[in-house]
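Quick notes on the structure that follows.
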């Protein structure tokens, strides 16, 4: 099932489209699909037509939906009972130490941008942030208008406080009780550097 | 495309399975699939067989993988470029040889402590271990209670097996098959382990 | 010059406070822990090697490369000994001398781990490019439990982490001494060239290797180095 994939084989339009649709939980617009896949108008229509057959609600457990100005893969409502049972049974995977670190940044230093989180932690944290957004523990709460591209500001959510059994920020010990002044100054320095766009998030390769 | 779904139609085994697989980012074990879908052994096999055809790597942008002790829908690597363009993410950089060595220690000799890994490799490996924890390829799976301070024991994760496209440890070549007897004899000879004190071992410089 | 045995460094002997005799024997003694690596003055060893090079010998590159390789290994060994890896018990390290048997066992174990790493690298490489479904369901509200102790531990370690020193400049050596020697030779065909011009586009490591290659060519009598004042500009001229 995981047999070798021929690198020289050019994927069909339908294949390109369904791969992109699998990695997006949100509907994807026709324009975004074309940009990602490099398909022209005709290729897009052709591919979507084929996917309409492959993911037809009459036979498939995964269906292609055209909603909210975009396309999306979703489960067939006819399979809802199985999906619900799976959701009940599946225990949420515990958070990694990386996820806890990102959450502690957002809790104590937030709201802050992805770049600032990466700078404080010394490693690129984009994947961890995406996971926490998907779990609803982090949310975009605004934008940093001062920085080029106005990157999103991330903060912890109500869901986060509920999961931690806390009412609010006040239920956590203050930052200066956790680390010394000197260390805090260093953290602030890294945060400051992150706000200067010239500095890329440090240490992508970190020791590897 | 989003035509009416007949509620009275019973979805096929394949449809139930693919609906469940769509809503999991992790591989799902056969047992969990059966619990969620209510399928029996034969239904599961039948359904997975059909999905193997529907999601064949030769033609589909989404493929069915059997990895890390479970089943998973994932994008076809042949479509990786489109996925990466869509996500605006670069493909994760390959691991350094140091990182692969640490994983090899954990896979073959683990679970073991950071100290034990460093001892095998002859260099401090803490930074590399941290990065692998970050990437979710290593995890703390217990503690070595015998040692002072009960240092954490590290092992490879399900995510590691998934990333390596492996079902389990058994998919990796056994450690003892990796180095031939002849080669081992040469190592011993070079080190003078075969007790030849009068003559210096040949080609010492190259062996360093 | 390579002896009949095929070992480039066969004829090289050294005279140090702690040892006098063939260089190869010195390496063997160090490896077998019969000579303490701390006691071997590596700088002096390099000087002895450079002084030992026969005048006008045209074929020393292989010998130089071998020496550079073994000297680098000695530096590595010394630095590892200076900062010993904690042993399995986390207790005292390397008190008793290691027998050749033990050393062989350790090296064998490491060799296997290294091969295992190769197998892992191959598998990871072959499986890059699979991306998982992004349609995973969010856990039901309230199902997720966050360990506050773990969170605070994470906060402490994140905020007190020392910044790693930048290592970008330590790129891998991508050219060999031979390649650089060839580069120097072809550059010299057009006349004298300054060392600064030669290494302008090189990183620090490559520049250092280029300098070693230049020294080697001087010893071979292929070029002359001209430096009118100490630490001043350095010019390479055809000999």
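The values are calculated or read from the model by the stated rules, or taken from the named source; none is laboratory data. What you are looking at is a predicted structure, and each value in this text was computed from that prediction instead of being measured. Here the Cβ positions follow ideal geometry from the backbone for every residue, glycine too, while neighbour counts run over all protein chains shown.
Can residue A:76 be described as under 21 Å from residue A:21 (Cβ atoms), more than 8 Å from chain C (Cβ to nearest Cβ) and crowded, with 23+ Cβ neighbours inside 10 Å? Answer is yes for this residue. If you go through region A:134-144 and keep only what is modelled with pLDDT of 90 or more and not in a strand (DSSP E or B), you end up with just A:137.
How many of the residues making up region B:48-74 are assigned to a strand (DSSP E or B) and under 21 Å from residue B:169 (Cα atoms)?
Of all residues in region B:48-74, those assigned to a strand (DSSP E or B) come to B:62-67, B:70-74.
Going one step further and asking which of them are under 21 Å from residue B:169 (Cα atoms), we end up with B:64-67, B:70-72.
Qualifying residue count, region B:48-74: 7.
Under the condition of being at the interface with chain C (Cβ under 8 Å from one of its Cβ atoms) and assigned to a loop (DSSP other than H, G, I, E, B), the residues counted in region B:157-174 number 5.
Kindly establish whether residue B:111 is closer than 18 Å to residue B:135 by Cβ and touching a strand residue (DSSP E or B) at 6+ places or on another chain (Cβ under 7 Å).
Working: closer than 18 Å to residue B:135 by Cβ: yes; touching a strand residue (DSSP E or B) at 6+ places or on another chain (Cβ under 7 Å): yes.
Answer is yes for this residue.
Against the numbered list (1) free of Cβ contacts under 8 Å to residues at least 40 places away in the same chain; (2) under 23 Å from residue B:21 (Cβ atoms), residue A:49 comes up short only at (2).
Scanning region A:109-125 for residues that are facing another protein chain (nearest Cβ under 9 Å), surrounded by fewer than 24 Cβ atoms within 10 Å (Cβ to Cβ) and modelled with pLDDT of 85 or more gives a single hit, A:109. Once region B:79-94 is narrowed to residues that are surrounded by fewer than 23 Cβ atoms within 10 Å (Cβ to Cβ) and in a helix (DSSP H, G or I), the residue that is modelled with the lowest pLDDT is B:87.
State whether one or more residues within region B:15-27 are assigned to a helix (DSSP H, G or I), in contact with a helix residue (DSSP H, G or I) (Cβ under 9 Å, 6 or more places away or on another chain), buried (at least 22 other Cβ atoms within 10 Å of the Cβ) and in contact (Cβ under 8 Å) with a residue 60 or more places away in the chain. So that I can check it myself, show each step before the final result.
Filtering region B:15-27 down to residues assigned to a helix (DSSP H, G or I) leaves B:15-22.
Subsequent filtering for residues that are in contact with a helix residue (DSSP H, G or I) (Cβ under 9 Å, 6 or more places away or on another chain) retains B:15-22.
Checking which are buried (at least 22 other Cβ atoms within 10 Å of the Cβ) leaves us with B:15-22.
Imposing the further condition that a residue be in contact (Cβ under 8 Å) with a residue 60 or more places away in the chain reduces the set to none.
There is no residue in region B:15-27 that is assigned to a helix (DSSP H, G or I), in contact with a helix residue (DSSP H, G or I) (Cβ under 9 Å, 6 or more places away or on another chain), buried (at least 22 other Cβ atoms within 10 Å of the Cβ) and in contact (Cβ under 8 Å) with a residue 60 or more places away in the chain.
Could you list, in sequence order, the residues of region B:67-91 that are touching a residue at least 24 places away in the same chain (Cβ under 8 Å) and touching a strand residue (DSSP E or B) at 6+ places or on another chain (Cβ under 8 Å)? B:70, B:71, B:72, B:73 - these are the residues of region B:67-91 that are touching a residue at least 24 places away in the same chain (Cβ under 8 Å) and touching a strand residue (DSSP E or B) at 6+ places or on another chain (Cβ under 8 Å). Annotation note: of C:121, C:138, C:143, the sole residue that is at the interface with another protein chain (Cβ under 7 Å from one of its Cβ atoms), under 24 Å from residue B:107 (Cβ atoms) and either crowded, with 17+ Cβ neighbours inside 10 Å or at pLDDT below 90 (or both) is C:121.
Taken across region B:95-108, residues that are within 8 Å of chain C (Cβ to nearest Cβ) and assigned to a strand (DSSP E or B) do not occur at all.
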